[in-house]
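> Take a look at this one; I'll ask things after.
The values are calculated or read from the model by the stated rules, or taken from the named source; none is laboratory data. Just so it is clear, the model here is predicted, and its values are computed rather than measured. Don't worry about glycine lacking a Cβ; one is built from the backbone with ideal geometry, like all the others, and counts go over all protein chains shown.
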Amino acid sequence: MLFRNKCAACDYWTIFELKIDGERADQTCTHCQATAKIEWNSEAEILIRDGERDIQALERHFPVLGQLKERGDHIRF
Ligand SMILES: [Zn+2]
């Protein structure tokens with residue numbers, strides 16, 4: 001599963017890849033490859049879904065966010 005967020009490691013807005021493995025998930029920045037392990041539960045799922053909604057709201061002000069489509073895409077604004 002791919003989702004957009006700001007990476008704390010490289011400080012870019014980019015695409016993250018989420019690999020869910022039972023109750024754990026690996027969240028990897030597709031730009032700098034920084035990986036964080038997170039607990040995978042309904043809370044984490046809501047957090048990611050809300051994050052995507054925030055980005056859609058931000059996209060109205062910063063249309064450049066719409067350019068994040070493929071793995072490795074990254075922007076700073
Ligand atoms: Zn990164």
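> Taking into account only those residues within the range 8-19 that are outside any strand (DSSP E or B) and aliphatic (A, V, I, L, M), which is surrounded by the fewest Cβ atoms within 10 Å (Cβ to Cβ)?
Ala8
> Here's something else I'd like to know. Please identify the pairs in which a residue from the range 62-77 that is in contact (Cβ under 8 Å) with a residue 60 or more places away in the chain has its Cβ atom under 6 Å from the Cβ atom of a residue that is charged (D, E, K, R), counting only partners at least 6 apart or on another chain.
Leu65/Glu59; Leu68/Arg4
> Would you confirm whether any residue within the range 20-28 is surrounded by 15 or more Cβ atoms within 10 Å (Cβ to Cβ), within 13 Å of Met1 (Cα to Cα) and modelled with pLDDT under 95?
no
> For residues that are of a type in the set (Gly, Ala, Ser) and touching a helix residue (DSSP H, G or I) at 6+ places or on another chain (Cβ under 9 Å), tally how many sit in the range 22-77.
2
> Of the numbered conditions (1) modelled with pLDDT of 95 or more; (2) not in a loop (DSSP other than H, G, I, E, B), Glu52 fails exactly one; give the number of that condition.
Failed condition: (1).
> How many residues does the range 1-27 contain that are more than 19 Å from Arg76 (Cβ to Cβ) and β-branched (Val, Ile, Thr)?
Counting residues in the range 1-27 that are more than 19 Å from Arg76 (Cβ to Cβ) and β-branched (Val, Ile, Thr) gives 1.
> For the subset of the range 3-59 comprising residues that are under 12 Å from the mean Cα position of the chain (by Cα) and among the small types (Gly, Ala, Ser), which member is farthest from the ligand (Cβ to nearest atom)?
Of everything passing the filter in the range 3-59, Gly51 is farthest from the ligand (Cβ to nearest atom).
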